[in-house]
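Enquirer: Take a look at this one; I'll ask things after.
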Amino acid sequence: MAKVLMKGNEAIAEAAIRAGCLNYFAYPITPQSEVAEYLSRRLQEVGGVFLQGESEVAVSYMILGAASVGERVFTTSSSPGISLMSEAISYMIGDQCPAVFINIMRGGPGLGGILPSQADYLQATKSIGHGDGRMLVLAPASVQEAAEMVMLAFPLAEKYRNPVMILGDGLIGQMMEPVEFPDHLKTEPSNKNDWAVNGMDTRKSNTRNLIRSLYLEPEQLNQNNLILRAKYEQMKKEEIRYEAYNIDAKYKVLIVSYGTMSRVCRTAIDELKDDGLEVGMIRPQTVFPFPEKAVEDAASRKSCKAVISIEMSMGQMVEDVERSVKGKQPVSWYGKCGGEVPTPEEVMAEIKKLAN
Amino acid sequence: MVIVGNYGSGKTEVSINLAVKKKREGLDVRLADLDLVNPYFRTREARKPLANLGIDIVLPAEKYLQADLPILSPAVAGMIRRPSQLTLIDVGGDDVGATVLASLAEAFSKRPYNMLQIINPLRPFTETVSGCMKIRKEIEAASKMTITGLVGNPNLIDETRPGDIISGYDFVESLSKESGLPLKFIAIMAELLPKIDYNRFRCPILPIHRQLVPPWKKAKKFD
């Protein structure tokens, strides 16, 4: 298919359809409402279901309902809306139900503002709701990557029978870039008859599938948590994704940055190179699991003297960076989170301070 | 002159660049940002360079500029009643964005106007003639006004190739024939102009110096 010019939110919506997801339930919130706008038209054309719930809480339990019968289903929201969904996401982790949740982050806490932010990092990667739940979290840096990650997220959610989150900042949703869609995914959720409550017709044996997160027996609850933990460990082995930039140079400073913030860092790295200062970057594409080893290795290079986490938050990912660097280098943080994206000039000034 | 079109068709870039061009040709230009639906990348983002060129911009009050609220400045009705040599109104996308025009009907009453539909055939929903006609109808119904002309704006931003411009031009030409609406001009990124044989174009060209850029890029200077 030829390239088209799309807003990130539109590309996310179209990518979900091409991933074979025909169920979208949502409640509008800036800066992601174009997904609902787009799908309210497009899902009709392809015979899908678009439902606007009465709130994010309602939407999140509609998702649980559809997922539990083995349907591909997703929603999009922005920070305060995701907080409202966090209870149902915790249930879905406990229930082992796959679905895709997309957070186009805006500034917080509270109502915050409508401009871009990355301040939901800890919420997404450490604990989305109560209990020991984790999600696989993908972080796109361009409209093209957002589309590709949506198409990747559905099979990943089904592989792990676990919610997958796409963590994009407001700019990912709002900016326009050319995008080319990969071919349609033809796959159906392949393992669904093993667990989904979709009737007895497809069952091989006479046992019913049961979806639940309630385990009153302590051994059983512990056992369920051990199953979940094994999945998180498998994610750490099999799903880590990252991009290394200018990593072959003898860089003095290593940046760790993700999402659109990393695009600003890229411009800063290119301009600093022209001034004779080499800077490397690791851009996590999965923020859970975090590319610990890649960051550690890049920080351990002989030329490297300092590591900095640059993010649109007051310092969240920096905790993962510190953990990964293991004290081998000083780790600092730079960022803003009012909705203003740091400029390449501001990033360059921070790097120069570290290099001197 | 009222600039309408589907969501993301390039109304704001066209409005800004048209305002600058006309100002440089010696006209008094006023530009109103009437985008009540888009949260980012609006005319207000370019207010400083426009003000520096002496273009009068009508915006909601400064303290509401980042508000997620549909604010219609009363100054817009005023500028329609007392037009400048060129009064440009940059409207939000689709019929939803154009609905606000209906509330200005009294100000428009009996005044002649041009309402131009911006078309980027490389955007979803306007890649076919019927798609463009559908949006035209929806915008006219919502705004209670009539579209009087077309503007071609075929682009993939930085990845636009000369061939995209040529096929985009041919598309808007055929749309013009089918709809009976005149093709007023075609917008082309300034840096692409040397690569294009525009002798075949039967309409004027508006060079575009991109202003609404993401934070890692710089807006193009008006030469």
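Enquirer: Could you grab the pairs with beta carbons closer than 9 Å, sequence gap of 6+ or different chains, first residue in segment B:114-126 and away from chain A (no Cβ under 13 Å), second one part of a strand (DSSP E or B) and open to solvent by 10 Å² or more (accessible area, probe 1.4 Å)?
Expert: Matching pairs, first to second residue: B:Asn114/B:Lys184; B:Leu116/B:Lys184; B:Leu116/B:Phe185.
Enquirer: Same structure again: Looking at A:Val164, A:Val179 in this structure, which one is of a type outside the set (Ser, Thr, Tyr), open to solvent by less than 10 Å² (accessible area, probe 1.4 Å) and out of contact with any Ser or Thr (no Cβ under 9 Å at 6 or more places or on another chain)?
Expert: Details: A:Val179 fails: out of contact with any Ser or Thr (no Cβ under 9 Å at 6 or more places or on another chain).
Just a single option satisfies the conditions, and that option is A:Val164.
Enquirer: Given (1) assigned to a loop (DSSP other than H, G, I, E, B); (2) out of contact with any Pro (no Cβ under 9 Å at 6 or more places or on another chain); (3) open to solvent by 10 Å² or more (accessible area, probe 1.4 Å), identify the lone condition not met by A:Ser313.
Expert: Every listed condition holds for A:Ser313 apart from (3).
Enquirer: Testing B:Ile3 on (1) modelled with pLDDT under 95; (2) away from chain A (no Cβ under 12 Å), one condition comes back false. Which one is that?
Expert: (1)
Enquirer: With more than 14 Å from chain A (Cβ to nearest Cβ), open to solvent by 40 Å² or more (accessible area, probe 1.4 Å) and under 30 Å from A:Ser257 (Cα atoms) as the only criterion, which of B:Lys137, B:Lys144, B:Lys221, B:Lys195 stands out?
Expert: Being more than 14 Å from chain A (Cβ to nearest Cβ), open to solvent by 40 Å² or more (accessible area, probe 1.4 Å) and under 30 Å from A:Ser257 (Cα atoms) holds for just one of B:Lys137, B:Lys144, B:Lys221, B:Lys195, which is B:Lys221.
Enquirer: Look through A:Ser262, A:Ser257, A:Ser300 and report the one residue that is touching a Cys at 6+ places or on another chain (Cβ under 6 Å) and either under 14 Å from A:Ala141 (Cβ atoms) or in the same structural domain as A:Met348 (by TED's automatic domain parsing) (or both).
Expert: On the way: A:Ser262 fails: touching a Cys at 6+ places or on another chain (Cβ under 6 Å); A:Ser300 fails: touching a Cys at 6+ places or on another chain (Cβ under 6 Å).
The match here is A:Ser257.
To keep it simple, each residue is scored yes or no on (1) over 24 Å from B:Gly93 (Cα atoms); (2) over 19 Å from the mean Cα position of the chain (by Cα).
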site: B:Glu127; (1), (2): no, no
site: B:Gly149; (1), (2): no, no
site: B:Gly152; (1), (2): no, no
site: B:Phe171; (1), (2): no, no
site: B:Leu183; (1), (2): no, no
site: B:Leu192; (1), (2): yes, yes
site: B:Ile205; (1), (2): no, no
site: B:Phe222; (1), (2): yes, no
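Here's the yes/no breakdown for (1) within 14 Å of chain A (Cβ to nearest Cβ); (2) among the basic types (Lys, Arg); (3) under 28 Å from B:Gly152 (Cα atoms):
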site: B:Ala19; (1), (2), (3): no, no, yes
site: B:Arg30; (1), (2), (3): no, yes, yes
site: B:Phe41; (1), (2), (3): yes, no, yes
site: B:Arg47; (1), (2), (3): no, yes, yes
site: B:Ala51; (1), (2), (3): no, no, yes
site: B:Gly54; (1), (2), (3): no, no, yes
site: B:Val58; (1), (2), (3): no, no, yes
site: B:Gln66; (1), (2), (3): yes, no, no
site: B:Ala75; (1), (2), (3): no, no, no
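Enquirer: Same structure again: Please find, within segment A:113-141, the residue that is most open to solvent (accessible area, probe 1.4 Å) out of those that are of a type in the set (Ser, Thr, Tyr) and within 19 Å of A:Pro98 (Cα to Cα).
Expert: A:Ser127
Enquirer: I've got another one for you. Only one of these conditions is not met by A:Ile172: (1) within 22 Å of A:Val137 (Cα to Cα); (2) open to solvent by 30 Å² or more (accessible area, probe 1.4 Å). Which number is it?
Expert: Failed condition: (2).
Enquirer: Condition first: surrounded by 23 or more Cβ atoms within 10 Å (Cβ to Cβ) and closer than 18 Å to A:Tyr251 by Cα. Can you find one or more residues in segment A:333-348 that meet it?
Expert: Within segment A:333-348, one or more residues are surrounded by 23 or more Cβ atoms within 10 Å (Cβ to Cβ) and closer than 18 Å to A:Tyr251 by Cα.
Enquirer: Also, I was wondering about something else. Looking at (1) away from chain A (no Cβ under 14 Å); (2) modelled with pLDDT of 90 or more; (3) not in a strand (DSSP E or B), find the lone condition where B:Leu150 falls short.
Expert: Every condition holds for B:Leu150 apart from (3).
Enquirer: Going by the structure shown, is A:Gly70 open to solvent by 30 Å² or more (accessible area, probe 1.4 Å), modelled with pLDDT under 95 and within 25 Å of A:Asn198 (Cα to Cα)?
Expert: no
Enquirer: Could you tell me which residue of segment A:12-60 is farthest from the other protein chains (Cβ to nearest Cβ), considering only residues that are among the small types (Gly, Ala, Ser) and open to solvent by 10 Å² or more (accessible area, probe 1.4 Å)?
Expert: The residue in question is A:Ala58.
Enquirer: Also, quick follow-up: Mind listing whichever residues of segment B:81-113 are within 15 Å of the chain's Cα centre (by Cα) and open to solvent by 60 Å² or more (accessible area, probe 1.4 Å)?
Expert: B:Tyr113
Enquirer: Let me ask you something else. From the list A:Asn103, A:Asn9, which residue is open to solvent by less than 10 Å² (accessible area, probe 1.4 Å), under 19 Å from the mean Cα position of the chain (by Cα), modelled with pLDDT of 95 or more and farther than 29 Å from A:Tyr232 by Cβ?
Expert: Numbers: A:Asn103 fails: farther than 29 Å from A:Tyr232 by Cβ.
Going through A:Asn103, A:Asn9 in turn, the sole match is A:Asn9.
Enquirer: Right, here's the next one. Examine segment B:161-179 for a residue that is within 26 Å of B:Arg44 (Cβ to Cβ) and either in contact (Cβ under 8 Å) with a residue 60 or more places away in the chain or not hydroxyl-bearing (Ser, Thr, Tyr) (or both), and state whether such a residue exists. Break it down into steps so the answer makes sense when it comes.
Expert: Here is the first cut: in segment B:161-179, the residues within 26 Å of B:Arg44 (Cβ to Cβ) are none.
No, there is no match, as no residue in segment B:161-179 is within 26 Å of B:Arg44 (Cβ to Cβ) and either in contact (Cβ under 8 Å) with a residue 60 or more places away in the chain or not hydroxyl-bearing (Ser, Thr, Tyr) (or both).
Enquirer: Go through A:Lys273, A:Lys336, A:Lys302, A:Lys328 for me and flag whichever is part of a helix (DSSP H, G or I) and either of a type outside the set (Ser, Thr, Tyr) or modelled with pLDDT of 95 or more (or both).
Expert: Exactly one of A:Lys273, A:Lys336, A:Lys302, A:Lys328 is part of a helix (DSSP H, G or I) and either of a type outside the set (Ser, Thr, Tyr) or modelled with pLDDT of 95 or more (or both), namely A:Lys273.
Enquirer: Does B:Ile71 satisfy the condition of being in contact with a helix residue (DSSP H, G or I) (Cβ under 9 Å, 6 or more places away or on another chain) and surrounded by 14 or more Cβ atoms within 10 Å (Cβ to Cβ)?
Expert: Answer is no for this residue.
Enquirer: Restricting the search to segment A:164-217, which residues are part of a strand (DSSP E or B) and within 14 Å of chain B (Cβ to nearest Cβ)?
Expert: Hits for segment A:164-217 are A:Gly168, A:Asp169, A:Met176, A:Glu177, A:Pro178, A:Val179.
The values are calculated or read from the model by the stated rules, or taken from the named source; none is laboratory data. Note that the structure is predicted; figures quoted are calculated from it, not measured. Using ideal geometry, Cβ is built from the backbone for each residue, glycine included, and neighbour counts are taken over all protein chains shown. Each accessible area value is taken on the protein alone, full model and side chains, heavy atoms only, with ligands, DNA and RNA left out. Shrake-Rupley method; radii C 1.70, N 1.55, O 1.52, S 1.80 Å.
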